[in-house]
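Have a look at the structure below before the remarks.
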Amino acid sequence: MQDRSNWDWDPGKRVVLDTAKCSEGVQWMEELHVSPDGETAAAICCTDEAEFGICVNGDFGEDRYEKAICPTFTPEGKYVALVSQDMEWYVSVDRELWPEGYGFLWNIMVNGGGVAVAVQQDMQYGMCVNGETWENLYDNANNFTFGPDGKSVAAAVQVEPMGQAEIFKFQSGIFSVAVNGEPWKEQFVNVYTPVFSDDCASVACQVRRSLYDYTIAVDGKVWNKNYNCVWEPVFKPGTKDVFAPVRIAGKWGMAANGELQWENKWTQLWQPQFSKDGKNLWAIGATGFGKFTVVKNNAPWSVTFPVVTDLVLSHDGEKAAAIAKKSGDKYTLVVNGSAWAGDYDMIFPPVFSPDGTKVGCVAEKNGKYNILVNGKPCGESFDRAFTPAFSPDSAKVLVKGVSGTEYSRSVLDATGF
Amino acid sequence: MHDIYNFVVGPLAWFGWGVFILGAIYKLVYAYNKFITKDATSAHYMSWKFGLRSIGAWLIPFFTTGWKNNPLVTAVTFVFHICLILVPIFLSAHAILWQQFFGIEFFWTLPDNVADIMTLLVIAACVFFAVRRLAYPRVKFITEAKDWWVLLLVVSPFITGYLAYHQIFNYQFMIVLHVITGLAWLALIPFSRLSHMLFALFTRAYIGSEFGGVRKVKDW
Amino acid sequence: MKESKFDRKIDDIGLKEGIAKLTPEKIQQTFQKFMDSEAGAKLRVYHETCVRCGMCSEACHFFVSHDGDPSYSPVGKVTQTMNVLINKKGRVDAEFVYKCAQIAYTECNLCRRCMHYCPLGIDTGYIMSMVRRFCHLLGVTPQYIQDTAHSHSATFNQMWVKDDEWPDALLWQEEEARDEFPNLRIPLDVVGADIMYSVIGPEPKFRTQLIYQAAAILHEAGVNWTMPSLPGWDNSDMAMYTGDFEMMGRLKRAHFECAQNLKVKKVVMGECGHAFRSVYDMGNRWCGWDNYPVEVVHSIEFFAYLLRTGMIKMKTKFPGPVTIHDPCNIIRGRGLMDELRFVAHEIAEEVIEMTPNREYNYCCCAGGGVINCGPPFKNVRVKGNKAKAIQLRGVKEKGVSTVISPCHNCHGGLEDIIHGYELGMDLKFLGDIIYEHMEKTKAVE
Ligand code: HEM
Ligand code: HEM
Ligand code: SF4
Ligand code: SF4
Ligand code: SF4
């Protein structure tokens, strides 16, 4: 996982890359991505007609591809992209290609130091993890997930073929869950959002047993109750207990292992999330129509908004922050039930300082990007900015942004907020 | 006969009014509760502005698409409803009853000959509706037995009232019959098609709010 | 009430097999449950309040096209379906459910034209969608639209487009377009772009040209835009029309979360009608959002904006007169008639209107999921919209041979009508004409 203690926390600003330097012979440069520590900036560049290269801190390397898409950095700072050569697709990790080529690749996922990706080979579907492809591929696969061990993967897979418009065949249940390529023997009408337990030994997901009956299945075993609808399940950390929002009589509640824990009084309830110690269960909920808020252990914050997204917990799981959209298309950040002053045109996902006293995020207003810490602007404004990061002692904040052609990283004092 | 008259204008009248008022309240409260619980995703959009705008538009004869495309029905329905509401309230014979039972004193009542004509208009309108139901396929197709009962119910106090006023047949008998049909008229408003009287404003206001607020077009 | 006979039954596997599984008890219990747990004041009050005046009859193109056959009038359709169900408390036989399904799914477009006619404001479209809901709960739905709903549930798009086929189609169109616009990109997953462009399932499957055109227009206009590479890109929603409201909610959640994760300010959607209804009117409500959680801008509004601001300039205008078919879900559903006319006049030399038009237009008869019920019901649509054919012939006689309609369903429906009545007219999307006739400053040559 990400260890920030060895990042450069010396105060001050450093220009890492001037993109003007890598524009030579380049037809265009795509969006810059930066590593979590801010030391590396990379972008896919079109270097010639139908030729693409990857520019990392100004260095193009030798590799060129017919296409390169979906770049991203892992938490450890590896640059991953999907590239195609001779009509085959490859995973590129720090310019190294995984050995096998595929018909198509998509949905890069990073977790626990590993990289996983969805694959299509000869119109058969599955996954490839850290360079290894499933032995079994399927007629279709989606809803991919990657476990915290960086090795385990799962997906919803179609285990029986279906002809055109065979509605009754479909309703008989032709989908299942494949964990590391092996399918459960149980079949369902639909399968959504599989998720791993922390030890990656169990998988839970939403299943639709008939057109009308939804429930949760854990390792193939369904809960003993069906619901009118359910949303994504979560494992309680350190246990095999599964919690999920369930809809009963038009209202949402939270069930654990098939027993209702939170009474069904919510107009909406989704994105459940446990604190790491399993003590607090958080979710985004609505107390009434058009009234969204954050819910902690079945208690809502006192403020509501038309829209709430991006629920993020503090490291101890006692506090939370979420993005709220107010009427008039203005955004703000709500931290522990109170909204930051000021309206923004966009707020990006927040981060907590390790001690939980500070929250930082990128905010945009009139095309200018600022880092906000506890609601106040921190440092200069940029043409584009990246998610900030707090130092392990919570005293400093790493600010990353682009002004003109210059990408810089700055370490600023975060104690004054 | 006199005893019967006393009974119908006494206990039965109170009963009739009671059913009408309590029934109307019950219906409205029931519908309101269902609306805000089961139809919360609709109730949210209720708007005074667009609701009243819609009601206003539909109160003007020949203004809306529906009225324009059905001119004859429009004319008849406006006359029918206006007479239907004004006559029972402002009839001089009734004014005495208002005074007697509710202590309400009117400054003005309909001149009897006008009321008489209005009564005939209501009866004529009902005949028109009946003919329409029989002769016009689009209405015939959707007519249920209920619709005939309602029409009969609506017209009967007007017929009996008219006959009583003109002392045709036995007055005593007619007036008793009149009161009975009149009370049935009232009492059944909440429990028949006539409940459109209670709901019309709300259904209009609701659809007006949806069209004005969400769909941003006129609902007429 | 007399049981009117129903002599236009059409064979459909979905309906046939659907009713084969029914028992009277099942029908009655399902109806009871439906009334207790789902139907609210609206359905009940509409049922009680309708005075059966028949004033809504003429509103419906089905009624008009069938020369005033009362069984096709809005209230006539309610009389044959929901009325009986409520009056009999669901004590009906399976054959009756078949009839309900056929009427509700294939003889009403939920176009809401009848709303302009009913003095009491009774929403017949809503009642018919509740009949559909009941049929859905019984599993009696036409095969093809049900298959579409299944596709939505399994892939989050309308056309069984698999996860990889989507980005593949985009990359292919990008490559094609680069021959014309050397630096054109279809930017995938750009977090923080201003706009996410979203389309419906048929575009990557059959009409990739539309993606090309949209990319060309967005590129030429210099818009900061993106498209998602993962499911959620499809804004369409046939589950909304089968009566599977749970799936409708799931689809809208996926669509909007896609936009929310990309942190875009707006979603611009292609020229589709029902998808628009699903984001501003129906799907959002099921999720608990009182409006779309991310602003959704229909192509009409977007093109109007591009033309007004001069971001797109027309080099030439479309020659010859055109007429406009107003798609109900965008016009009667969202009041964009003036914007549509602004765009049409900007891009075409002459516009000749049909009447009734604007929010009083006759539906194309494909909408509300009717076209999605597939081949068995094609004739129902074509015969059921003689009214539109007459309108079209009217403008054809004035020299119009091109119909603009910014809705996929309308295109499908009108195409069949034009063919069926041998009108010999062309259909165009706004995007077709804009792409064809705009100034292409960034193109080669
Ligand atoms: C408590 C119930 C009612 C009582 C005691 C009552 C009593 C009367 C009386 C005493 C008359 C006058 C007859 C005459 O001039 O000798 C009358 C006439 C009339 N009433 Fe009522 N009435 C009642 C309810 C109603 C209702 C509910 C309606 C209408 C819906 C109605 C409509 C009429 C009409 C149309 C006339 C005849 C007017 C005319 O032709 O000039 N009445 N009523
Ligand atoms: C006060 C609010 C009322 C409103 C807004 C209203 C509105 C309407 C409308 C819009 C119609 C349909 C048009 C037509 O077919 O004529 C109608 C029909 C009718 N109304 Fe009313 N009405 C009201 C009160 C009443 C009352 C108090 C009665 C009698 C008790 C009544 C009896 C009828 C009848 C019998 C018809 C149906 C005629 C037919 O058979 O077609 N209305 N009303
Ligand atoms: S097709 Fe349109 S006009 Fe006809 S009943 Fe349905 S909603 Fe009303
Ligand atoms: S116009 Fe309205 S009240 Fe009259 S029959 Fe039609 S739906 Fe019923
Ligand atoms: S397809 Fe077009 S005309 Fe038909 S209902 Fe949809 S929007 Fe209306």
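Other chains' Cβ within 10 Å of A:228-240 residues: what's the mean?
Working: counts 4, 6, 1, 2, 0, 0, 0, 0, 0, 0, 0, 0, 0.
Other-chain Cβ atoms within 10 Å of each residue's Cβ, averaged: 1.
Remind me, relative contact order of the range A:203-307 in percent, using alpha carbon pairs under 8 angstrom and six or more residues apart?
After rounding, I find 15 percent.
Can you tell me what percent of all Cα-Cα pairs in the range A:279-326 are more than 18 Å apart?
21 percent
Report, as a whole number in µm² per second, the diffusion coefficient that Stokes-Einstein gives for chain C at 37 °C and 0.692 mPa s using the Kirkwood radius over alpha carbon pairs.
146 µm²/s
With just the Cα atoms defining each centre, how far is the range A:89-126 from the range A:351-417? Give it in Å.
Computed from Cα coordinates, the inter-centre distance equals 33 Å.
What whole-number value in cubic angstrom gives the convex hull volume per residue for the C-alpha atoms of the range C:146-306?
Dividing the Cα hull volume of the range C:146-306 by its residues yields 94 Å³.
What is the mean number of Cβ atoms from other protein chains located within 10 Å of the Cβ atom of each residue in peptide B:63-71, rounded to a whole number?
Details: counts 0, 4, 11, 13, 3, 2, 7, 8, 0.
That average works out to 5.
Kirkwood Rh over alpha-carbon pairs of the range B:90-220, then Stokes-Einstein at 10 °C and 1.306 mPa s: what D in µm² s⁻¹, rounded to an integer? Walk me through the intermediate numbers first.
Values: Rh = 17.4 Å.
Rounded to a whole number, D works out at 91 µm²/s.
State the Cα centre-to-centre distance between the range A:1-70 and the range C:276-336 in whole Å.
The range A:1-70 and the range C:276-336 have Cα centres separated by 38 Å.
Among C:W160, B:W14, A:W134, what is the fewest-to-most ranking by other Cβ atoms within 10 Å? The partial results should precede the final answer.
Working: C:W160 19, B:W14 12, A:W134 22.
Neighbour counts put them in this order, fewest first: B:W14, C:W160, A:W134.
What relative contact order, as a whole-number percentage, does the range C:13-141 give when Cα pairs under 8 Å and 6 or more residues apart are counted?
Numbers: 161 pairs, mean separation 46.8, N = 129.
Reported as a whole number, the value is 36 percent.
In the range A:39-96, which chymotrypsin sites (Phe, Trp or Tyr not before Pro) fall in coil by DSSP and have 16 or fewer other Cβ atoms within 10 Å? Please list the in-between numbers first.
Numbers: sites: A:F52, A:F60, A:Y65, A:F73, A:Y79, A:W89, A:Y90; in loops: A:F60.
Hits after loop and neighbour filter: A:F60.
Quick one: work out Rg over Rh on the C-alpha atoms of chain A, Rh as Kirkwood radius.
Using only Cα positions, Rg/Rh for chain A is 0.98.
Using a cut-off of 11 Å between beta-carbons, work out the net charge of the residues near A:D37 (Lys and Arg +1, Asp and Glu -1, A:D37 not included). Numbers along the way, then the final one.
On the way: positive: A:R4, A:K400, A:R409; negative: A:D3, A:D8, A:E39, A:E76.
Local net charge: -1.
Partner chain Cβ atoms within 10 Å, averaged over the residues of C:359-370 - can you pull that number for me?
So the per-residue partner count for this stretch is 1.
Can you give the convex hull volume of the alpha carbon atoms of the range B:172-215 per residue, in Å³?
57 Å³
How fast does the range C:13-141 diffuse by Stokes-Einstein, in µm²/s, taking the Kirkwood radius from C-alpha pairs at 20 °C and 1.002 mPa s? Please report the intermediate quantities before stating the final value.
Values: Rh = 14.7 Å.
Taking Rh from Cα pairs, D becomes 146 µm²/s.
Which shape class, rounded, prolate or oblate, goes with the range B:125-200 when its Cα gyration tensor gives a ≥ b ≥ c as root eigenvalues, a/c under 1.5 marks rounded, and past that a/b bigger than b/c marks prolate?
Since a/c reaches 1.5 but b/c is at least a/b, the shape of the range B:125-200 is classed as oblate.
To the nearest 10 degrees, how steep is helix C:24-33 against the longest Cα principal axis of chain C, on a 0 to 90 scale?
Approximately 60 degrees, to the nearest 10.
Show me C:127-136, C:188-197 ranked by packing, highest mean number of other Cβ atoms within 10 Å first.
Descending packing order for the listed peptides: C:127-136, C:188-197.
For the range C:219-358, what class follows from the C-alpha gyration tensor (a ≥ b ≥ c being the square roots of its eigenvalues): rounded when a/c is under 1.5, otherwise prolate if a/b is larger than b/c, else oblate? Working shown, then result.
Numbers: a/c = 2.69, a/b = 1.48, b/c = 1.81.
Oblate, because a/c is 1.5 or more while a/b does not exceed b/c.
Could you derive backbone 3J(HN,Hα) for the range C:272-283 from the dihedral phi with the Karplus parameters 6.51, -1.76 and 1.60 (θ = phi - 60°), listing whole Hz in sequence and x where the residue is Gly or Pro?
Couplings: 9, x, 5, 4, 5, 4, 5, 8, 9, 10, 10, x Hz.
Please identify, among B:W67, B:W108, B:W148, the residue showing maximal mean-square fluctuation in a Gaussian network model of chain B using a 10 angstrom Cα cutoff.
Highest fluctuation among the options: B:W108.
Residues with amide H under 5 Å of C:V296's amide H, sequence separation 5 or more or different chain, H placed in the peptide plane at 1.01 Å from N; which?
Sorted by chain and number, the residues that satisfy this are C:V267.
Rounded, prolate or oblate: which fits the protein assembly as shown, taking a ≥ b ≥ c as square roots of the Cα gyration tensor eigenvalues, rounded meaning a/c under 1.5, else prolate when a/b beats b/c?
prolate
By how many degrees, 0 to 90 and rounded to 10, does the Cα axis of helix B:145-165 deviate from the longest principal axis of chain B?
The angle comes out near 40 degrees.
For the range A:178-191, in order, what is each residue's ³J(HN,Hα) by Karplus, 6.51 cos²θ - 1.76 cosθ + 1.60 with θ = phi - 60°, in whole Hz (x at glycine and Pro)?
Each residue's phi maps through the Karplus curve to give 9, 10, 6, x, 8, x, 5, 7, 6, 10, 9, 5, 9, 9 Hz.
If you build a Gaussian network model of chain C, linking Cα atoms that sit under 10 Å apart, which residue out of C:G90, C:G399, C:G18 swings the most?
C:G399
Taking the radius of gyration and the Kirkwood hydrodynamic radius from Cα positions alone, what is the Rg/Rh ratio for the range A:110-219, to two decimal places?
In the range A:110-219, Rg relative to Rh is 0.98.
Take the Cα atoms of the range C:314-437, find their three principal axes, and give me the spread along each one in whole Å, biggest first.
So the extents along the principal axes, rounded to whole Å, are 44, 30, 25.
Given H placed 1.01 Å from N in the peptide plane, which residues other than close sequence neighbours of C:L188 have an amide H under 5 Å from its amide H?
Those lying under 5 Å, H to H, from C:L188 are C:M227.
Would you pull out the residues with amide H under 5 Å of C:M438's amide H, same chain only if 5 or more places away, H placed 1.01 Å from N?
Those qualifying (amide H under 5 Å, at least 5 residues apart or on another chain) are C:K315.
Relative contact order of chain A: what whole-number percent is it, with Cα pairs under 8 angstrom and at least 6 residues apart?
So the answer I get is 9 percent.
Please list 3J(HN,Hα) in residue order for the range A:348-361, calculated via the Karplus relation 6.51 cos²θ - 1.76 cosθ + 1.60 where θ = phi - 60°; whole Hz, with x for glycine and proline.
Residue by residue, the range A:348-361 yields 9, x, x, 10, 8, 6, x, 7, x, 8, 10, 10, x, 6 Hz.
Starting from the eigenvalues of the Cα gyration tensor, five times each then square-rooted, give me the equivalent ellipsoid semi-axes of the range B:2-214, largest first, whole Å.
Three semi-axes, in Å: 32, 22, 17.
Any read-out appearing in this document is the output of simple, stated calculations on the displayed coordinates, not a laboratory observation. These figures come from a predicted structure and were not determined experimentally. Cβ atoms come from the backbone with ideal geometry, glycine included; neighbour counts cover every protein chain shown.
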